[in-house]
Each structure stands twice: as C-alpha cells, then as structure tokens.
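Structure first, commentary second.
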Amino acid sequence: MNAGALTALGPDRGARFFLTSLTYGQYLWQRGLAARAILCVDRAFGADLPGDAPVLHDWPMPYAALAWMLAHVPAGIFVGNPRVHYQHLADRMHEPRREQRRWRAWACWALTRRVRPAYPADPRHAVIEPSAEQIAAHLRTHGLPGESARWHDVLQAS
C-alpha cells in the first residue's frame, strides 16, 4: 500500500476516503512509520461523512486510535511534535467544513496534551488554547451525533 491509495480516490472525501485513510495509517504504523501513520489518521478526521454513514458503525471517528498511537510510539521513532501540529492545524484551518475540522484538530490537540504532556507548545505561535469544555461544546455543534461524547470518553480514559 502507498499514498496512491488515497490519491486514486480523487476529490472523494467520503466513506471510502475515511476507511482508506485508516487502513493506510495502520499499514504505515505496522512498518514503524509512526509520524506518517498519525498523519493518515488526521486525513480520516477530514472525511466528509454523514452521522449515519455505515462505515462509522465499525470504525468510529478515530480518537481512541490516535490516543493509542500517541501512547505507544516506540522509543526512538520520529513523530515530531503532534501538540504543535494540531495547534497549528486548528488555528489555520480552511474550508471545506472549517469549523468541524478545526474543532476536531483541537480535540486531537487535547488528546495529545493528555497522553504526551511533555510535548511543548510552540512559543512563537500565539493562540488561545481552548478548554476541554469548549472543545466538547464545539464538537456537539459541528461534529457528528455522539462525536463529542466519544471524544470526551477517550480523553477521560487517557
């Protein structure tokens, strides 16, 4: 499997894109490419899915997968600084579905802070960091039905 699996989908950002992003992320993780695997999970968060998409029954929004990946990065494997990555992503998000994708990035940022608290913020990027309550409220407004509760459960379990 390679990045061509995603580019072959063209502009499709629906269920096939979501599942392909997750599958490719797993493929990369199994090959020790943790940073690239995490980026594939990021891509899955950008999928355009209705709340009743059948793929979500077996593969919900991958907050638990991301938390697991962050907790299990093998020693010596490069992942950069996911905290800074999500902070920048959330603060610089563009359309389509800007608010949905923005608050998902903040949700991933909060998970990263919980799972890997040693990762520092970017001191040159002045941003107001949202609280967990703010993230949950925006996921309720902009996310899929139940997404906020699922994210909150993963955050609390991390």
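Would you please classify the overall shape of region 1-81 from the alpha carbon gyration tensor, given that a ≥ b ≥ c denote the square roots of the eigenvalues, rounded means a/c under 1.5, and beyond that prolate means a/b larger than b/c while oblate covers the rest? It would help to have the intermediate numbers written out before the result.
Details: a/c = 2.43, a/b = 1.51, b/c = 1.61.
The shape class here is oblate.
With the cut-off at 1.5 for a/c, could you classify region 56-158 from its C-alpha gyration tensor as rounded, prolate or oblate? Judged from the Cα gyration tensor, region 56-158 comes out oblate (a/c at least 1.5, b/c at or above a/b). The string of couplings for region 63-71 from the Karplus curve (6.51, -1.76, 1.60, θ = phi - 60°) is 4, 5, 4, 4, 4, 4, 4, 4, 6 Hz, one whole number per residue in order, with x for Gly and Pro.
Using the Karplus relation 6.51 cos²θ - 1.76 cosθ + 1.60 with θ = phi - 60°, the per-residue 3J(HN,Hα) values for region 139-155 come to 5, 5, 6, 10, x, 7, x, x, 5, 4, 5, 4, 4, 4, 4, 5, 4 Hz, with x marking Gly and Pro.
From the helices alone, meaning DSSP H stretches of at least four residues, give me the mean residue ellipticity at 222 nm for the chain, per-run term -39500 (n - 2.57), in deg cm²/dmol to the nearest 500.
Details: 9 runs with 95 residues, N = 158.
Rounded to the nearest 500, the figure is -18000 deg cm²/dmol.
Quick check: from the Cα gyration tensor, does region 115-158 come out rounded (a/c under 1.5), prolate or oblate? Judged from the Cα gyration tensor, region 115-158 comes out oblate (a/c at least 1.5, b/c at or above a/b).
In order along region 29-38, the Karplus-derived 3J(HN,Hα) couplings, from 6.51 cos²θ - 1.76 cosθ + 1.60 at θ = phi - 60°, round to 4, 5, 9, x, 9, 4, 4, 5, 5, 5 Hz, and Gly and Pro are given as x. Charges were assigned to the Cβ only: +1 to each Lys and Arg, -1 to each Asp and Glu. The resulting dipole of region 4-157 about its Cα centre is roughly 360 debye.
The relative contact order of the chain, computed from alpha carbon pairs under 8 Å that lie at least 6 residues apart in sequence, is 20 percent. Of the residues Gly76, Gly46, Gly143, the one that moves most in a GNM of the chain with alpha-carbon contacts below 10 Å is Gly76. Here the simple spin-label model places points 7 Å from the Cα toward Cβ, and for Ala5 and Tyr27 these points are separated by 0.4 nm.
Laboratory data are not the source of any read-out in this text; all were calculated from the coordinates shown. These figures come from a predicted structure and were not determined experimentally. With ideal geometry, Cβ positions are generated from the backbone for all residues, glycine too; neighbour counts draw on all protein chains shown.
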